[in-house]
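Down below is the structure, laid out as structure tokens.
The values are calculated or read from the model by the stated rules, or taken from the named source; none is laboratory data. Note that the coordinates shown come from a computational prediction; the quantities given were computed from them, not determined experimentally. For accessibility, only protein heavy atoms count, side chains too; no ligands or nucleic acids. Shrake-Rupley method; radii C 1.70, N 1.55, O 1.52, S 1.80 Å.
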Amino acid sequence: PLYPQAEDVIRSTLFKMVITTIEEPKDNDKQLFIDFQKVAILVAHNLFRRKIIWIEEELYQEWQAKIPGTTTDPTMTTQLLLKKGVAVAIEGNKKWKYLPIEKLSKTPKERFLQLFDCKEQWTKVELEYYLPPLPLVVGKNNDKTKMLDDFLMKFTSKYESATTAYYFRKDEE
């Protein structure tokens, strides 16, 4: 068994990870709410630590067994994985691979190498969730989209189909 102090620390840490505090302006009372999105993310990390790659349907079923009733839409659930930097869809979105954002390099060049080692092609939307924060310096017109495009072109190669742009590992020069 753990030392009692360790159990208190673990309990306190987990509590902070899944609880949202909302202050009521009228009487300065605080109310605590379980943030089910945070719970879902913690459960997802736990599932992916057991198995790195999941078939989407199996992942959804296992996830729902751990946190029943949070959502009935598998697409919404799995999109949460991408948006929170937990996992990415691979093999035509039929499988999900564990890729926790906090394990990626902070330097852009290394991060892109890690991303492309995980998955050969990415859409811009997928990459946006895994990009390091962009510099606060924005061009003359505050064009963040152009700044993002310029950043992506520095580290990737781009192919555009009729409907979607895909980004690939940039060939070494």
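Here the Karplus relation 6.51 cos²θ - 1.76 cosθ + 1.60, evaluated at θ = phi - 60°, turns the backbone of the range 50-59 into coupling constants of 7, 8, 6, 10, 10, 6, 3, 5, 5, 4 Hz, with x for every Gly and Pro. When Arg49, Arg111, Arg169 are compared by accessible area at a 1.4 angstrom probe, the order from most to least is Arg49, Arg169, Arg111.
Full extension of the chain between Gln37 and Phe168 yields a length gain of 44.1 nm, computed as 0.36 nm times the residue separation minus the alpha carbon distance. Can you send over the solvent-accessible area of Glu128, 1.4 Å probe, protein chains only, in Å² to the nearest 10? Ignoring ligands and nucleic acids, Glu128 comes out at about 90 Å². In this view, the solvent-accessible surface of Met153, computed with a 1.4 Å probe and all protein chains in place, comes to about 80 Å². For the pair Gln61 and Met153, the difference between a 0.36 nm per residue extended length and the Cα-Cα distance amounts to 29.3 nm. Computed on protein heavy atoms with a 1.4 Å probe, the accessible areas place Tyr166, Tyr159 in the order Tyr159, Tyr166, largest first. Remark: accessible surface ordering of Phe168, Phe112 (largest first) is Phe168, Phe112, probe radius 1.4 Å.
Given a 1.4 Å probe and the protein chains as shown, Asp117 ends up with an accessible area of around 110 Å².
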